[in-house]
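K.L.:
To start, I am sharing the structure in question, which I have written as structure tokens.
The values are calculated or read from the model by the stated rules, or taken from the named source; none is laboratory data. Source: prediction; values computed, not measured. So basically every Cβ, Gly included, is an ideal-geometry build from the backbone, and we count neighbours across all protein chains shown. Keep in mind that these areas ignore ligands, DNA and RNA; they rest on the heavy atoms of the full protein, side chains included. Shrake-Rupley method; radii C 1.70, N 1.55, O 1.52, S 1.80 Å.
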4 protein chains.
Amino acid sequence: MKEIRVALIGHQFMGVAHSNAYRNAAMWTGLPVKITMKCLCAKDTMDNLNAFAARYGWESCETDWHKVVKRDDVDLISIAAPNFLHKEIAIEAAKNGKHILCEKPLANDLADSKEMLEAVKKAGVRNCCGFSYRFTPSLALARQLVMEGRIGKIYHVFVRYAQDWLTNPNDGMVWRLNKKIAGSGSLGDLSAHSVDATRFVTGLSFKEVCGNLQTLVKERPMDSNNPNGPNDKVTVDDVAQFLVNFEGGAVGCYESTRFATGRKNYNTIEVNGEKGSLVWNFEDQNYLLFYDNQPSPKEAGFKKINVTHDIHPYKGGWWPQGHGIGYADSFVIEVAEFIRSIVEDKPFNPDFEDGVKSQEILEAVEKSSANRTWIQL
Amino acid sequence: MKEIRVALIGHQFMGVAHSNAYRNAAMWTGLPVKITMKCLCAKDTMDNLNAFAARYGWESCETDWHKVVKRDDVDLISIAAPNFLHKEIAIEAAKNGKHILCEKPLANDLADSKEMLEAVKKAGVRNCCGFSYRFTPSLALARQLVMEGRIGKIYHVFVRYAQDWLTNPNDGMVWRLNKKIAGSGSLGDLSAHSVDATRFVTGLSFKEVCGNLQTLVKERPMDSNNPNGPNDKVTVDDVAQFLVNFEGGAVGCYESTRFATGRKNYNTIEVNGEKGSLVWNFEDQNYLLFYDNQPSPKEAGFKKINVTHDIHPYKGGWWPQGHGIGYADSFVIEVAEFIRSIVEDKPFNPDFEDGVKSQEILEAVEKSSANRTWIQL
Amino acid sequence: MKEIRVALIGHQFMGVAHSNAYRNAAMWTGLPVKITMKCLCAKDTMDNLNAFAARYGWESCETDWHKVVKRDDVDLISIAAPNFLHKEIAIEAAKNGKHILCEKPLANDLADSKEMLEAVKKAGVRNCCGFSYRFTPSLALARQLVMEGRIGKIYHVFVRYAQDWLTNPNDGMVWRLNKKIAGSGSLGDLSAHSVDATRFVTGLSFKEVCGNLQTLVKERPMDSNNPNGPNDKVTVDDVAQFLVNFEGGAVGCYESTRFATGRKNYNTIEVNGEKGSLVWNFEDQNYLLFYDNQPSPKEAGFKKINVTHDIHPYKGGWWPQGHGIGYADSFVIEVAEFIRSIVEDKPFNPDFEDGVKSQEILEAVEKSSANRTWIQL
Amino acid sequence: MKEIRVALIGHQFMGVAHSNAYRNAAMWTGLPVKITMKCLCAKDTMDNLNAFAARYGWESCETDWHKVVKRDDVDLISIAAPNFLHKEIAIEAAKNGKHILCEKPLANDLADSKEMLEAVKKAGVRNCCGFSYRFTPSLALARQLVMEGRIGKIYHVFVRYAQDWLTNPNDGMVWRLNKKIAGSGSLGDLSAHSVDATRFVTGLSFKEVCGNLQTLVKERPMDSNNPNGPNDKVTVDDVAQFLVNFEGGAVGCYESTRFATGRKNYNTIEVNGEKGSLVWNFEDQNYLLFYDNQPSPKEAGFKKINVTHDIHPYKGGWWPQGHGIGYADSFVIEVAEFIRSIVEDKPFNPDFEDGVKSQEILEAVEKSSANRTWIQL
């Protein structure tokens, strides 16, 4: 049995999601590959790193990623470090011939992400940009139905990714609201997923965009516990909206926000076509709504498909139908599919090129918002 | 008991809705006014007019509206004629001192609608612009909750009005697709309601808009029964999208379309604020979703309020709770409230000024789309 | 054009529903019959009766139903009086050759309802037992799908009718809680509809039942405004549950209650068969859920059919699709269909025989509950 | 750090669920205990066992459970073997001082389950009966709300557990349809969960039951691939219905079935009380519906609570709110809580006593169905 030896860089939210995925991908999917969790690397005390490694199953710890990307006993580098570090790590890892799974967004700017793409191409290493939602069986079924012609010519897409963790204006600053560190606000954090989901499900090409990025709460307390203390400026967008004209005539309408009270992880996409429609919402991740207008209107209606049957993409998970999977499981499938593509030398998407494409679109939206005009892609 | 004598001009879709409303407003709402259905006027054979009048309860018929607006035995003119006739009829009716209920849009262009407003002001007659959705108890409850501060400062609105009766590209031309007659496509037909619903529910003022109007199927058979015969050009928008910055910093995202396969009369608005959120969808007209974030997150969730209780606006209809009302009933309430405002000499909205405001916004969207830039209001 | 002259006996909740139906049936449905609202009869002051008559459109008023059933200028007697009066009125009306629409339940006991059936048969008059839900287009579609074989052999039905207006134990006595007047509690009030809906939709025959009737709040204040004053005994069931074995092997599970906090008019039926399932809920009266298991499980899911298309039973109402109808409209359709059956001399259901069948089943449930054993039908 | 050494007996559906739980409980929940997966035992070839052990993480394999329960290096025996073996294994394990987690139902009959309870009591070992749904955060929240008085006095419960994997009468026999092996059909398989969920959420005591067990398809092909070949008799119930009177006056209505086309794992419970109602459905496992009737009816409606917040039971899982968990995760929490109770010597439920209580109720239902009468508990 082949073996893939992994090093993970980063141990926050995404570090946990990656750790579980490497730990359990072979177990859940029956992937005939031994995945060895060689090394965890992050900027923290050795005590904290060791505790994390013990909990999640990493064999050893490092604090300097430069060393990690050179280790002979590592085949795959999984990048879950802060965004601004992605580029440097990925380029070094590529130079050292490592396969790379890098969290989205690839980088905080388009030029950087293109350099990263250049590097992996040159090195000939396998690469994945972590648009994990592609591996939710329900979203994968949406794509499958479009590709099979069940929706017909697409008229429009309607896409919203809404969360609500910023609605309290007295909550203090966090790194995600600082443009220098985060690159952008809801645009890079949430719309990045919306743009990739559109490309994945519909196959449409973005022709031009017109954006409106707004900061709804312009200043926040530096310290949440001292709301009357000094404020800090929010330098990213709180809400990102944009209109799209696609090649071929379809149109799109997008919004992402972290101010939609009551929406927790409302990552949604609706696709309307000549023959049918699809509605997907991650808050009900085990379902896909499908309206088929081919039979008589007498029986027409949105079908709520419980996407957990063996016949569904990725077998709809690993349980009998009706026994759904959870958020962590998309990462499990992503890792399994990426490693399968390495071992079997098969094409894999989403790769760094998909990451660059998304970045191009987001950068156009940002420019459009600044210039208050449409931008061609 | 006071009496209000009504003449109706127009006998298509809206003519039916108006007829029922005048026939039953006093019955359903207990309004202590005698509503007399004096006269029906439309361009049709006398046989057809008489049949319509007999069925819906009009006392007499006319074919020339010029005569009708001058009749001494009529107090109120209800305009449900084609849009391009609204202006002339309304101005003449006002000159003759008649109260006016005019279907939306007031007119096919802003200048016309302003003239109409001028005319009713000068004549001092009562006036109503037929944004009937305001009289759906669930939408009225949405406004009430906003006005009571239950939503707090508004961050954004997300508004979509989607239908699907144009998705088949082989369906033939209809008057609604001809700019000369209809004025515009989904913009005037559907977004007009969205814009008014926003003003009604939130009280927000539109500051600037950026629009994208697109015709998805550019030509259609002149005759549906002969799809291979000669085509006619579609001269209106099939889909209307626009972004909005409101006074005070809130943002909005709008789409209306008649190409959303599976959406029948999906007239929706979502309002997100600091203290809560509202979601309304006419396809479930007896409900309002309300998320209140003031109690503990332990118990927080979108509440599905069945808006049919006596405590609700317009008593939630006229039945015990859980026994919902239908599409026709908003018109019943609209007519009852308008007539009540006449008889009791009380303020009434939506009036022609509301009609003009909507028109201003829609015209800005249209201009924005043509110029591909933001337009200030 | 033919004319049907109607007298209504009763002017409470059902009296209002009937009045609207006679007033508007021809208007909404295009029925080519003149319906004349001759006479209203109820036990009340002449002032109150005249006010009601003026509001709803009755030409004259009476207080003695014995006179009304003998009037030569009346063709149809509509009985919306208290249940205990149904029998006497119906029998007299039949003797006088009047057609009869009688509210459900036909009578407070089976023997009485059989006498009524006997009387209308003997007199040869047309008769309708007011199971109005049959005329909800969505429930009629459910039946249509079953009859067309889309559900296949039926395995079971799961039926619940839940309301919540009795949940407060401090609310005072009302006539519906007094067995002498009301006959029974939720059993006759709500389960009567459930039993008829089952017969209507599925065509199944009840073979044996096993019931459990319980009074949850056994005493209530005689006066709601004086909760510490003297109590009165509740002598009817607050909740009625029963299990059913049908001829042919299907099974059923039933509950009706007025203690289901949050359920307003939750009149529901689910039918599961070899080829598909149906779920209907009056709180969403314009929809029917249909699961079709004939295509691939890949695309299988409950379809939410918006039953407002022209192709649907009763054209799904009278508006373009997506513009739903309300509670009152089932009565409109019921009256239109009943009058059509009179004028065109066609079969009509639900008739008094359907009323008797229901009564038989409910009486068996009651007996079963008292005897704590199964009862054969 | 303490260590708990586990042996698993059984490697089918439940064996997989248990394996994942032991592998990941400490990782997901931060439980400060080392869980060692010592040994897998099942009746299979050593090759198959080794493959399973390698995939899921067991250190060694055995085929004879008698040896396993005596091993000195094992602290906890996890029983996921066929039901008819539970008793013997559990009793031997208890004798050897092992803690025991046994899948539900404890045994195929009440007498057996009582012996098992006797054995663990006598041995003083910790015990868990695997009613895993108790560890779904949303169901645990339901209990919490009841215990906090948010529902008030309970009026009734309405409980249904529906699946659809048996609807095709041509599908062949399986062990679950053979009474000798499975003990019962949907009653033990599904209603067992319903009964336990009722006890867990409401705390109500069952006073008497009246059941109806029916076999809908009485014979099936011995071989699915040869539907015209010889048939075998189905000896268990396909559907189990029962009515309940609880101590204190509340009533209940239950159905479980594997013939409800379209219902995949529709494990549901509704609780109606004086102050509110709860509706739970495992097909939407990350949600709980809660109707609170204490505030004004103006704002009353069923709230859809996304039970994934830190404040929820078991922190609503391990992700930020809106990122749900899946079927496997209830087992993870169950195992973590059971091991925590061992290590911290704290009370734990559901234990074998809960298993016996359920069995008592199910046995009464079965007897009631056979005798066609009510049975006291």
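K.L.:
Applying the selection to the stretch D:188-228, what residues are of a type in the set (Gly, Ala, Ser), surrounded by fewer than 18 Cβ atoms within 10 Å (Cβ to Cβ) and under 24 Å from the mean Cα position of the chain (by Cα)?
P.N.:
D:Gly203, D:Ser205
K.L.:
Suppose we keep only residues that are aliphatic (A, V, I, L, M) and within 11 Å of another protein chain (Cβ to nearest Cβ) within the stretch A:229-240. Which one would you say is surrounded by the fewest Cβ atoms within 10 Å (Cβ to Cβ)?
P.N.:
A:Val239
K.L.:
Within 14 Å of chain A (Cβ to nearest Cβ) and in a loop (DSSP other than H, G, I, E, B) - does that describe any residue in the stretch D:326-346?
P.N.:
Scanning the stretch D:326-346 turns up at least one residue that is within 14 Å of chain A (Cβ to nearest Cβ) and in a loop (DSSP other than H, G, I, E, B).
K.L.:
Could you pull out every one of the helices (runs of 4 or more DSSP H) wholly within the stretch D:47-140 that has 2 or more residues that are open to solvent by 10 Å² or more (accessible area, probe 1.4 Å) and at pLDDT below 95?
P.N.:
Where helices (runs of 4 or more DSSP H) fall fully within the stretch D:47-140 and carry at least 2 residues being open to solvent by 10 Å² or more (accessible area, probe 1.4 Å) and at pLDDT below 95, they are D:83-95.
K.L.:
Return the residues of the stretch C:1-23 that are touching a strand residue (DSSP E or B) at 6+ places or on another chain (Cβ under 9 Å) and polar (S, T, N, Q); say none if nothing qualifies.
P.N.:
C:Ser19
K.L.:
Filter the stretch A:15-36 down to the residues that are buried (at least 20 other Cβ atoms within 10 Å of the Cβ) and over 11 Å from A:Ala336 (Cα atoms) and list them by number.
P.N.:
A:Gly15, A:Val16, A:Ala17, A:His18, A:Ser19, A:Asn20
K.L.:
In the stretch B:155-187, what residues are over 18 Å from the mean Cα position of the chain (by Cα), within 14 Å of chain A (Cβ to nearest Cβ) and open to solvent by less than 40 Å² (accessible area, probe 1.4 Å)?
P.N.:
Hits for the stretch B:155-187 are B:Tyr155, B:His156, B:Val157, B:Phe158, B:Asp164, B:Leu166, B:Thr167, B:Pro169.
K.L.:
List the residue pairs whose Cβ atoms are under 7 Å apart, where the first residue sits in the stretch D:155-179 and is more than 18 Å from D:Leu190 (Cβ to Cβ), the second is open to solvent by less than 10 Å² (accessible area, probe 1.4 Å) and part of a loop (DSSP other than H, G, I, E, B), and the two are 6 or more positions apart or on different chains.
P.N.:
That search, which allows pairs on different chains as well, returns D:Tyr155/C:Phe259; D:Tyr155/D:Ala250; D:His156/C:Phe259; D:His156/D:Ala250.
K.L.:
Against the condition away from chain A (no Cβ under 14 Å) and under 16 Å from the mean Cα position of the chain (by Cα), how does D:Leu362 come out, does it pass?
P.N.:
Yes; evaluated as a whole, the condition is true for this residue.
K.L.:
Hey, another quick one. Could you list, in sequence order, the residues of the stretch B:315-325 that are hydrophobic (A, V, I, L, M, F, W, C) and more than 7 Å from chain C (Cβ to nearest Cβ)?
P.N.:
Passing the criteria: only B:Trp318.
K.L.:
Taking A:Gly248 as meeting all but one of (1) within 14 Å of chain D (Cβ to nearest Cβ); (2) at positive phi; (3) open to solvent by 50 Å² or more (accessible area, probe 1.4 Å), write down the number of the exception.
P.N.:
Exception for A:Gly248: condition (1).
K.L.:
Spot the failing condition for A:Lys34; the list is (1) touching a strand residue (DSSP E or B) at 6+ places or on another chain (Cβ under 6 Å); (2) over 16 Å from D:Arg23 (Cα atoms); (3) assigned to a loop (DSSP other than H, G, I, E, B), and only one is missed.
P.N.:
The single condition A:Lys34 does not satisfy is (3).
K.L.:
Filter the stretch C:283-330 for residues that are over 12 Å from B:Gly326 (Cβ atoms), under 26 Å from the mean Cα position of the chain (by Cα) and acidic (Asp, Glu) and give the result.
P.N.:
Selection gives C:Glu283, C:Asp284, C:Asp310.
K.L.:
Moving on. Return yes or no: is A:Leu243 in contact (Cβ under 8 Å) with a residue 24 or more places away in the chain and at the interface with another protein chain (Cβ under 7 Å from one of its Cβ atoms)?
P.N.:
In short, yes.
K.L.:
Working only within the stretch A:305-314, note down all residues that are within 14 Å of chain D (Cβ to nearest Cβ), outside any loop (DSSP other than H, G, I, E, B) and touching a residue at least 60 places away in the same chain (Cβ under 8 Å).
P.N.:
Scanning the stretch A:305-314 gives A:Ile305, A:Tyr314.
K.L.:
Residues in the stretch B:255-266: is at least one within 30 Å of B:Gln144 (Cβ to Cβ), open to solvent by 10 Å² or more (accessible area, probe 1.4 Å), among the aromatic types (Phe, Trp, Tyr) and assigned to a strand (DSSP E or B)?
P.N.:
Within the stretch B:255-266, one or more residues are within 30 Å of B:Gln144 (Cβ to Cβ), open to solvent by 10 Å² or more (accessible area, probe 1.4 Å), among the aromatic types (Phe, Trp, Tyr) and assigned to a strand (DSSP E or B).
K.L.:
Let me ask something else. Does at least one position in the stretch A:292-303 carry a residue that is part of a strand (DSSP E or B), open to solvent by 10 Å² or more (accessible area, probe 1.4 Å) and either acidic (Asp, Glu) or under 30 Å from A:Glu115 (Cβ atoms) (or both)?
P.N.:
yes
K.L.:
Being more than 12 Å from chain A (Cβ to nearest Cβ) and either in a helix (DSSP H, G or I) or touching a helix residue (DSSP H, G or I) at 6+ places or on another chain (Cβ under 9 Å) (or both) is the filter here, so list the residues in the stretch B:141-154 that pass it.
P.N.:
B:Leu141, B:Ala142, B:Arg143, B:Gln144, B:Leu145, B:Val146, B:Met147, listed by residue number.
K.L.:
Sticking with this structure for a sec: What is the residue count in the stretch C:267-281 for residues that are in contact (Cβ under 8 Å) with a residue 40 or more places away in the chain, more than 14 Å from C:Leu204 (Cβ to Cβ), within 22 Å of the chain's Cα centre (by Cα) and surrounded by fewer than 24 Cβ atoms within 10 Å (Cβ to Cβ)?
P.N.:
Number satisfying all stated conditions: 1.
K.L.:
I've got another one for you. Name the residues in the stretch C:37-46 that are open to solvent by less than 80 Å² (accessible area, probe 1.4 Å) and charged (D, E, K, R), would you?
P.N.:
Answer for the stretch C:37-46, where residues must be open to solvent by less than 80 Å² (accessible area, probe 1.4 Å) and charged (D, E, K, R): C:Lys38, C:Asp44.
K.L.:
Kindly list the number of the only condition in (1) touching a Gly at 6+ places or on another chain (Cβ under 9 Å); (2) in contact (Cβ under 8 Å) with a residue 60 or more places away in the chain that fails for D:Gly97.
P.N.:
Failed condition: (2).
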